[in-house]
Structures are given as structure tokens and as C-alpha cells.
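First the structure, in the form of C-alpha cells, and then the observations on it.
The values are calculated or read from the model by the stated rules, or taken from the named source; none is laboratory data. Predicted model only: the values in this text are computed from it and were never measured. Note that each Cβ is placed from the backbone with ideal geometry, even for glycine, and that neighbours are counted across all protein chains shown.
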Amino acid sequence: MTDEPTPTPDQPAAPPAPAEAPAPTTKPEIEYDDFAKLDLRVATITQAEPHPNADRLLKLQLDLGELGPRQICAGIKGYEEPERLVGRQIIIVANLKPRKIRGEVSNGMLMAASHKDGDDLTDVVVLMPTRPVPAGSSVS
């Protein structure tokens, strides 16, 4: 039962309540088997420097333990200082097909959280383990 009065024939009905804001859109659902294809690993950053041919990229050299050294390019310049990243551990997608980005090979992708205000990217936060673990450790 509602507290709203029932309209009479000489009284118009109250306007409908405003619709709720639409839910944020997400990417399409995937099956567990699709997720299981990702090889997420902990990597230790051994070197970090600005990408020589890109304004928003850093070039990172990584230690992935038994998987060996690796280089990735990441769009985090302006959000992270290269010298502060050295020695830190990050989470990467280790089985992403390598590709050249502005002349440098990127062999993986780091995981980061990002926030947008409309179309403007306002913050990027690199995801890191809360305590040290061996380089190359699996993430599940």
C-alpha cells in the first residue's frame, strides 16, 4: 500500500517517478575458460625509463623469475615516476602476444586501475602485491 492518493476522474495522475540512472556499462561477460587463458604473474621492475618515442609511455624491464627477463611498455607516464618503480612488484599478463609499440617491443601488459571523469582520464594506479613474493609467482 502506498501513501500516494488515488487520482479521481477530475484529478490527473501524478507524473511517473523519474527513472533510475542507467547502470554503468561493462564489457561482455566471458566464460571461465576465457579467463583461465590469462597467465597473470608477479614481476619485479628492474629498470624504468621514459619511452624514447612516446609521451605517455614508460619502458619497463622486468624480472619474471623462471620466465626470465621481459620488457613491457605501459601508459603510466605522468602517474608514476620511473625511479620510484624500480624494485617494486607489479602484476602483468605474461602470455599477451608481444607487439611493437612506437619501435619498442612490449612483451606483456601491467595491470592498473584507472578512473575517468567523462572522457578525461584522471588517475591510473598500478596494481601491486601487498607484500613481496617471488618474481614469476602466479596470480589467481
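Restricting attention to region 115-133, which residues are touching a strand residue (DSSP E or B) at 6+ places or on another chain (Cβ under 7 Å) and either of a type in the set (K, R) or in a loop (DSSP other than H, G, I, E, B) (or both)? Result: K116, L127, M128, P129, P132, V133.
Anything in region 107-140 that is touching a residue at least 12 places away in the same chain (Cβ under 8 Å) and acidic (D, E)? List them, or say none.
Taking region 107-140 and keeping what is touching a residue at least 12 places away in the same chain (Cβ under 8 Å), we get 107-113, 123-129, 132-140.
Within region 107-140, D123 is the sole residue that qualifies.
Residue pairs whose Cβ atoms lie under 6 Å apart, separated by 6 or more positions or on different chains, with the first residue in region 35-60 and modelled with pLDDT of 95 or more and the second part of a helix (DSSP H, G or I), are I45/L85; A48/P82; A48/L85; E49/P82; L58/P82.
Assessment of region 99-114 against the conditions (touching a Ser or Thr at 6+ places or on another chain (Cβ under 6 Å), surrounded by fewer than 16 Cβ atoms within 10 Å (Cβ to Cβ), modelled with pLDDT under 95 and under 15 Å from L127 (Cβ atoms)) yields no matching residue.
Restricting region 71-102 to residues that are part of a strand (DSSP E or B) and closer than 15 Å to R56 by Cα, the residue that is farthest from the chain's Cα centre (by Cα) is I101.
Residue by residue, here is whether (1) among the acidic types (D, E); (2) crowded, with 18+ Cβ neighbours inside 10 Å; (3) touching a residue at least 12 places away in the same chain (Cβ under 8 Å); (4) closer than 12 Å to R41 by Cβ holds:
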| position | (1), (2), (3), (4) |
| --- | --- |
| I72 | no, yes, yes, yes |
| G75 | no, yes, yes, no |
| G87 | no, no, yes, no |
| A94 | no, yes, yes, yes |
